[in-house]
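Take a look at the structure below.
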Amino acid sequence: LRTLILDQNHLTSEIISSSLFCSHMDEYNLIRSLSYLDLSSNRLEWIPVEIFSLSLLRTLLLRFNRIDLSKSGGKWHKGLQSLETLDLSNNCIRTLENFPQIARYDCLALKTLLLQNNELSVIPPELGFLQWLHHIDLRGNPQKSVRTTVLEKPCVEVLQYLRNRVSLKCGNAEEDREKEKVACELSQKDTTRVPSNGVANDLRKKIDEISSELQANFGLSQAKKYALKKDLAMAKSRLIREERLQNQRG
C-alpha cells in the first residue's frame, strides 16, 4: 500500500492512534511502503505520533483540521526523513513549537511547506534555515512581525528575510550582553583606572566611521552588516563607560 486517502471523514487524533491503521502499521508493512497520506478535512487536534515512523512517506496532507501543535501531545517528533510535501494549512496552529529545530535536521527532503490560514502569532525566523524548500506559504496568519508583502515574495527571498531576522536577534543579544558588562563594571566603581579624553574621542570617531559605512550600505554583505552592527554596539557601550567614569572622577 503506497497511497492512503482518508479525507472528509470525522476522524479524530484519538481514533487514528487507536485504529487498525496505526496499531498494525509494521505488520502491514506501511512503515516501509506508504508514501502518500491524506487526512485532510477531519477533526484531528494533534498529529498522531505513529505517523512519524513512516520513513518513506513523501506527502502528508493535514489541511482543514483542528491541529494545534501547542496542545499536549501535539508537538512535532523526529522522523519523516523522506517527507517532501507537508500541508498544515487551515488549522488552529498558534505556535510551531519545536518544528523548525527538528525539521532543520530531520526533514532534509522537504520541498513544500504550507502553513497559511492558521493562528500563528509569531513566525519563527528559524524557518529560514530550511533552505532546501522550494515553496513556503505563511499568509493568512494573525502575526504582525512579517509584512504580507514579504510573505508574497518567492520562497528563496522569504527564507533569506527570516535568516536575516535571526542575525538581527543575535546582534541585539550581543549588545545586551555588552551593556550588562558595562553596568557590572560601573557597579564595582573601579576608580583605579583614570579614563582618558583621548580614548573617548577615539571611540566617537570610530562610531562615526562605522555609522557612515552602514548608511552608505554599498556592496555590504549580510555578514559584513552584522559584524559592523556588532562593532558599533560595542563601541557605543565602551563610550558610555568612558564618559561615566570621567564624570565619577570629575
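The values are calculated or read from the model by the stated rules, or taken from the named source; none is laboratory data. Everything quoted here is computed from the prediction, not taken from an experiment. Every residue, glycine as well, gets a Cβ built from its backbone with ideal geometry; the counts of neighbours run over all protein chains shown. Note: accessible area is taken over every heavy atom of the protein model, side chains too, but ligands, DNA and RNA are not part of it. Shrake-Rupley method; radii C 1.70, N 1.55, O 1.52, S 1.80 Å.
For this structure, a couple of remarks:
- Top-ranked residue in segment 206-232 [being surrounded by 10 or more Cβ atoms within 10 Å (Cβ to Cβ) and among the polar types (S, T, N, Q); ranked as modelled with the lowest pLDDT]: Q222
- For the criterion of being over 22 Å from the mean Cα position of the chain (by Cα) and assigned to a strand (DSSP E or B), L60 fails.
- Selected residue [among the polar types (S, T, N, Q), part of a loop (DSSP other than H, G, I, E, B) and surrounded by fewer than 17 Cβ atoms within 10 Å (Cβ to Cβ)] from S33, S40: S33
- Only one of E84, E27, E97, E14 that is open to solvent by 10 Å² or more (accessible area, probe 1.4 Å), modelled with pLDDT under 95 and within 18 Å of I136 (Cα to Cα): E97
- Filtered residue count, segment 114-156, keeping only those that are within 15 Å of the chain's Cα centre (by Cα) and acidic (D, E): 2
- Each residue in segment 56-72 was checked for being open to solvent by less than 50 Å² (accessible area, probe 1.4 Å) and either at pLDDT below 90 or β-branched (V, I, T) (or both), and 3 of them qualify.
- Pairs where the first residue, in segment 140-152, is without any contact (Cβ under 8 Å) to a residue 12 or more places away in the chain and the second is open to solvent by 20 Å² or more (accessible area, probe 1.4 Å), C-beta under 7 Å, 6+ apart: T148/R139; V150/Y161
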